[in-house]
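Notes follow the structure.
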Amino acid sequence: MKTREAAIDYLNEVDAVAGWIGKRLGGARIRVVQTKEKFGQARVYCSFGFWTFHEFLYPSYLWNKFPQWLIKVDYYVLGPITHQLGGLILPLQKWWYTRTYKKAIEKFPHLREAILTGADWPELLKGIVPDDRLLKDMDNNPADY
């Protein structure tokens, strides 16, 4: 049986891994809204593509940093163009997502289950998970509840 201190250390380590995954995903312009440990799982809430030029420049910002006039130009003029370009980058972002989780499993093998069962997009990870039990856990435990 784990002691309280060991359990807290484990949860802190899972939280640190979630932060590590989030930082790597942000490098590929994947919008990471939040990273945390929840119920012993590394949760990284993210989305792919982008709708506006602002999202491309600042992928994880929740508030728009542009002046009001530029926000309107971004939404109504640049937005449709940027959204189409976001669709082009989508396959690259999905590849980077899969690669990041694969690297996380290699770097933190002792947290493999916590990393995989808390994934926001488990369907992108099925190719790297040979363990059928984890696949069932991922299907029964969606992170986006």
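Nothing in this text is a laboratory measurement; each read-out follows from the coordinates by a stated rule. Note that the structure is predicted; figures quoted are calculated from it, not measured.
A few notes on this one:
- For region 27-98, diffusion coefficient by Stokes-Einstein and Kirkwood Rh (Cα), 4 °C, 1.567 mPa s, µm²/s: 98
- Cα centroid separation, region 63-122 to region 1-49 (Å): 16
- Volume of the Cα convex hull of region 1-53, divided per residue and given in Å³: 65
- 28 Å Cα-Cα threshold exceeded, pairs from LYS65/LYS102; LYS65/LYS107; LYS36/LYS126; LYS23/LYS126: LYS65/LYS102; LYS65/LYS107
- Three semi-axes of the equivalent ellipsoid, the chain, Cα gyration tensor, whole Å, largest first: 33, 17, 11
- For the chain, relative contact order (Cα pairs under 8 Å, six or more residues apart, normalised by length) works out to 23 percent.
- Principal-axis tilt of helix 79-107 within the chain, Cα atoms, nearest 10 degrees: 20
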